[in-house]
Each structure stands twice: as C-alpha cells, then as structure tokens.
Amino acid sequence: MSGIKIKGTGRSLPERILTNGELAQTVDTSDEWIVSRTGIRERRICTKESHTGLCAAAAQNALEHAGILPEQIGVCIVATMTPDTLVPSAACTMQKALGLSCDTVCFDLNAACTGFLYALHTAECLLAAAPKKFGLVIGADLFSRVLDWSDRSTCILFGDGAGAAVIEWRAEWPSAGAVLGCAGNSELLRCPLQNGYLTMEGQRVFKFALEAVPWCIDRVLERQGLTAEDVDFFVFHQANARIIDLAAKKYRIPPEKYCKNIERFGNTSAASIPIVLSELEETGRLSSGNRVLLVGFGGGLTWGGALVEIA
Ligand code: UT7
C-alpha cells in the first residue's frame, strides 16, 4: 500500500462565453447540429486571460480548498499542450506566481486530453520519494490558440479552461493504480508547432474513444479488485456527451454517479477532468472516503484511468 488522495480542487474559466449561435454566424453550422452531435451549447474563450492566469487562479482555489500552503507542495505538474511559453514551463511560472518553494519539482507534461491522468500518476510516483508529501496537479489548455476558426469540424468542439487538484501521498493509503496507454498516431489528431492548426478525424477518434473508455474502466476495476457498483463517482473526459452516455449505459451507471459539463464548457482537453472534480467538490457531491474513477483519452493517441479517493 502507498498512494494518494485528493485534498482539494479548483478551477478557472475565462469570462467570455461563445455560444453555438455565434459560431453559426461565422461557419456553416447550427445550434441543433452541435447540440445533437456533441452536447455542447457554449464554451469559454480567452480574450484577456492568459494560460498563466487561469492556472494560477485554479491552483489558488485548490490550495484554499485543501487548506494547504504553497510551501508544503513538493511536486507541481502542469498538464498542457498550449502553455504561454515553452520556456519557462507553465509549472515554473506557477512556482513564482503561487510562491512555491525553490525545492518544489516543477515541470509541464503533454499527453493532450489525457494529460491530467498522466500528471496524476507521475505526481503519485514522485511524491513517494519526495520529502514534501503534497502535490499540485494542474490541467490547463487554451485550444482557442490552436484552432482554425474557419473549420467547422473542430472549432465548435473546444473551449479554454484550467482545473487543479491538491493531492497528498501517504504510505498507508491505496495507490490510484493508474492505467495509462499510448499508440503513436500522427493522423487522427494533430497539432503542429508551426504553420498549422489542430486537425482531427472526428469519427475515427470517436470510435477509438468507444474502445478506450471501457478498456480503462475494466483495467482500473480489475487492478483494484472492484466492480462498477463499488465506485462512488465516475468522472469522464468531456469530449462528447454521446461518448459519456454510452459508457454510462454500458456500465449501468446511475445519473447521480456521473455528470456532464460539456454543455457549458465544450472540450477543455487536459482541464476537463479537474474542472468536473472542482464543480463536484463545490456542489457537495463528493465527500470524504468517496472513490472516484477518472477516465481520459485523446491525442497521441493516449488514454488513461485511475481510482482516487477523496481525503
Ligand atoms: O478530446 C479529444 C478526443 N476527441 C474526441 O473524442 C472527439 C470524438 N469525435 C466526435 O466527438 C465526433 O466525431 C464529432 C462531434 C467530432 C463529429 O460528429 P460525427 O457524428 O462523427 O460527424 P461526422 O464527422 O461524421 O460528420 C457528419 C456530417 C458531415 O457531413 P456529410 O459528409 O455527412 O455531408 C460533416 O461535414 O456533419 C458535417 N459536419 C458538420 N455539420 C454542421 C461536421 N462538422 C459540422 C458542423 N456543423 N460543425
């Protein structure tokens, strides 16, 4: 035994709401098409906010909820593919913005939409060896930066945002037992660093997601020796409401044990899982001892699942 629990979560979303109706004025789409195919009604887009600002606000929020001081953090990882700068990393920027100690391990990690799961697992492993046993895991993406706003197949899907979780590692706590996967694929979902935008073969990624989600759930349950009924809450990456509903149906997950916020935020990539966690914490839907199964998937291709307890 040895592992992590979630102590507190936070989120930060830009102010500007971009509705389907507004998008329908610039590309050949409609509110009806977007809602029926994705579940999205609106998303948040940065106009004046920065990646750094969203990360810092989400992290502050998480630290406050956890009741943890910045100097207690031993590891800070930002999962992102759209930071303000490649150097310094977003995590190094957080060291200064939040007042983390100089001996805090700070770095960014890119696993696209699965980034939060990859970062959570990495933090758990590092905390086992770190002198300070609290970790700060941030998921943040500003896809408005990398979208082709004239491509209706992608620009309607994504939104900007940041979410964060403060975790604690203890020798007597169970591991989150993350299962992570990757299959190198440069066709289905791609975002070049220069001269280009994010492109996606939506239908093929949809099919991949329909296999990845049950694979993650089955492996996590198997590893923990649990069944779906033993899980208190399922938190899915918010890429498409249909993917979430199909998973809920397959595992007979009752409505009170999962949620969708894709309607309000679209797909926020690495931020989607911690944003859901933060909304759940704020609305009192999670309590101490709850077992939460997290599932993510996305570009890379990457996928992952983990079971974390609420402290
Ligand atoms: O987080 C990373 C992982 N990402 C995902 O998991 C995304 C997975 N994929 C999806 O969610 C869905 O595939 C989409 C929402 C992206 C697309 O839905 P779809 O039901 O797979 O539609 P499609 O791509 O098969 O397109 C159907 C039709 C096409 O027209 P034709 O060829 O049938 O005439 C598209 O050109 O819909 C058209 N279309 C649109 N129509 C109106 C594509 N985008 C739009 C649009 N508005 N925005």
Exercise. Largest first, what is the accessible-area ranking of Met1, Met81, Met94 with a 1.4 Å probe?
Worked result: Met1, Met81, Met94
Problem set entry | Ranking by accessible area, most exposed first, for Lys48, Lys132, Lys260, Lys96 with a 1.4 Å probe | Lys96, Lys48, Lys260, Lys132
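Compare the peptides 184-190, 62-68 by average per-residue count of other Cβ atoms within 10 angstrom and give them in order, highest first.
Working: 184-190: 14.0, 62-68: 19.3.
With the highest mean Cβ count within 10 Å placed first, the list reads 62-68, 184-190.
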Exercise. Where the centroid of each part is defined by its Cα atoms, how far is the range 157-182 from the range 252-294 in Å?
Worked result: 13
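For the chain, which whole-number percentage of the solvent-accessible area (1.4 Å probe, protein heavy atoms only) is attributable to carbon and sulfur atoms? Walk me through the intermediate numbers first.
Details: 6550 of 12870 Å².
After summing per-atom areas, the C and S share lands at 51 percent.
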Exercise. If you build a Gaussian network model of the chain, linking Cα atoms that sit under 10 Å apart, which residue out of Ala241, Ala97, Ala59 swings the most?
Worked result: Ala97
Exercise. Looking at the chain, what % of its DSSP beta bridges pair antiparallel, to the nearest 5?
Worked result: 65
For this session: With no solvent and one equal point scatterer placed on each C-alpha of the chain, evaluate the Debye formula and give log10 I(q)/I(0) for q = 0.15 Å⁻¹, two decimals.
Result: -1.16
Exercise. Among the lysines, which have Cα under 29 Å from the Cα of Lys96 when same-chain residues fewer than 8 positions away are ignored?
Worked result: Lys5, Lys7, Lys48, Lys132, Lys133
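Please state the charge dipole magnitude for the chain, taken about the Cα centre, from unit charges on C-beta atoms (+1 on K and R, -1 on D and E), reported in debye and rounded to the nearest 20.
Numbers: 29 positive and 34 negative charges, 52 e Å.
Magnitude of the dipole: close to 260 debye.
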Exercise. Leu86 versus Glu222, label points 7 Å from Cα toward the beta carbon: distance in nm?
Worked result: 3.8
Seminar exercise, completed: Heavy-atom accessible area of Ile310, protein chains in place, probe 1.4 angstrom, given in Å² to nearest 10, is 20
Seminar exercise, completed: Counting only backbone N atoms under 11 Å from a point 7 Å out along Cα-to-Cβ of Asn261, the residues of the range 152-167 in range are 161-164
Exercise. Roughly speaking, what is the centre-to-centre gap between the range 57-105 and the range 11-51 when only Cα atoms are used, to the nearest Å?
Worked result: 28
Exercise. Which of the aspartates and glutamates could be linked to Lys260 by a straight reach, that is with a Cα gap under 14 Å, when you skip same-chain ones fewer than 8 residues away?
Worked result: Glu42, Asp245, Glu279
Seminar exercise, completed: Taking a crude spin-label model, label points 7 Å out from Cα along the C-beta direction, the Ser101 to Asp232 distance in nm is 3.0
For this session: Find how much the distance from Thr47 to Ala171 grows on full extension, using 0.36 nm per residue of separation minus their present alpha carbon separation; answer in nm with one decimal.
Result: 40.2 nm
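With a 1.4 Å probe and all protein chains left in place, how much accessible area per residue does the chain have, in Å²? The partial results should precede the final answer.
On the way: 12870 Å² over 311 residues.
Normalised by residue count, the accessible surface of the chain is 41 Å².
The values are calculated or read from the model by the stated rules, or taken from the named source; none is laboratory data. Nothing here was measured: the structure is a model prediction, and the numbers come from that model. For neighbour counting, all protein chains shown are included, and Cβ atoms are generated from backbone atoms with ideal geometry for every residue, glycine included. To get the accessible areas, we keep the full protein, side chains included, count just its heavy atoms, and leave off ligands, DNA and RNA. Shrake-Rupley method; radii C 1.70, N 1.55, O 1.52, S 1.80 Å.
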